[in-house]
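Inspection log for the structure reproduced underneath, given as structure tokens.
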Amino acid sequence: MENKKIFVNFKMHFSEDEVSCYLQNIRGKIKCKDVVFFPSNLYSYMFLKEHYKVGLQNIYKENVGAYTGEVSAYQASSMGIEYALIGHSERRNLFHEKNSDIAKKICVATENDVTAVLCVGETKKERLFHREKKVVKKQIKEALKNIKTGEYLILAYEPIWAIGGMESLCLKEIEAMVLYIRKIIQKYFPNVVIPILYGGSIHEENIKELLTLKEVDGFLIGSASLDFKKLLKIIEVAVPM
Ligand code: PGA
């Protein structure tokens, strides 16, 4: 059985000293190609120095130019950064990212050999009105409209209302959505390889049951990872050394 992927999104947490302390606490306890850290851009170098796989939490839709404050896949790639989250719900909601921007970001990521991790998911209201499939289908179709045969990317399904709390979908509902997403990919993008992650309120107590989901290739973890002990517990069961 293949190891599950564990992607760790620190969002805008930690100072340099705190990252340093975190790294000290996990040193020698994670030796796995299936774990990828998404720290604040400023601290990427600290994870790279310790030979962890690293991703950016966002990239700009161009490679170089006069875009004050932005960071590109071209720059990330030159440093050995291999992944980029694209279209995380916080980017969509707080920074008004559109599917058209997301499609461009996926193109520049793949052009630069950075694996795009496309995040999709519905709001609580959309789920209440049974619109989750429609919403996610639109997000996927519009974001991947320029994708070419043979390209590789990862998709993370995260119901927005399940992020950052203790509320999550039940196993059956996750499985149904992941199977649906696979169907969409097979239908519209049959020549692209896309593992599917699940994310939203994953912690050390629910990881065991989530691991029983055969259709899910890995997990995107936010809040729980801020405590290194919780992250180590998750990794211990999901990707044993
Ligand atoms: P959470 O965040 O684990 O805190 O729900 C996941 C994410 O935002 O990717």
> So how many residues does region 143-173 have that are in a strand (DSSP E or B) and either more than 18 Å from the chain's Cα centre (by Cα) or near the ligand (Cβ under 9 Å from one of its atoms) (or both)?
Replying inline: 1
>> Testing Arg91 on (1) touching a strand residue (DSSP E or B) at 6+ places or on another chain (Cβ under 9 Å); (2) in contact (Cβ under 8 Å) with a residue 60 or more places away in the chain, one condition comes back false. Which one is that?
In response: (2)
> In region 1-102, which helices (runs of 4 or more DSSP H) lie fully inside it and hold 2 or more residues that are within 16 Å of the ligand (Cβ to nearest atom) and open to solvent by 30 Å² or more (accessible area, probe 1.4 Å)?
Replying inline: 89-94
>> One residue is enough: does region 158-176 have a residue meeting the conditions surrounded by 16 or more Cβ atoms within 10 Å (Cβ to Cβ), closer than 10 Å to Gly121 by Cβ and aromatic (Phe, Trp, Tyr)?
In response: yes
> Across region 103-131, which residue is farthest from the ligand (Cβ to nearest atom) among those that are surrounded by 22 or more Cβ atoms within 10 Å (Cβ to Cβ) and charged (D, E, K, R)?
Replying inline: Lys105
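Which ones in region 195-223 are small (Gly, Ala, Ser), open to solvent by less than 10 Å² (accessible area, probe 1.4 Å) and not in a loop (DSSP other than H, G, I, E, B)?
Filtering region 195-223 for residues small (Gly, Ala, Ser) gives 199-201, 218, 222-223.
Still in the list and also open to solvent by less than 10 Å² (accessible area, probe 1.4 Å): 199-200, 218.
Gly199, Gly218, listed by residue number.
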>> Among (1) under 17 Å from Cys119 (Cβ atoms); (2) outside any loop (DSSP other than H, G, I, E, B); (3) modelled with pLDDT under 95, there is one condition Ile181 misses while meeting the rest; what is its number?
In response: (3)
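The values are calculated or read from the model by the stated rules, or taken from the named source; none is laboratory data. Note that the coordinates shown come from a computational prediction; the quantities given were computed from them, not determined experimentally. Ideal geometry is used to build each Cβ from the backbone, glycine not excepted, and the neighbour counts take in all protein chains shown. Side chains are part of the model used for accessible areas, which takes the heavy atoms of the whole protein and leaves out ligands, DNA and RNA. Shrake-Rupley method; radii C 1.70, N 1.55, O 1.52, S 1.80 Å.
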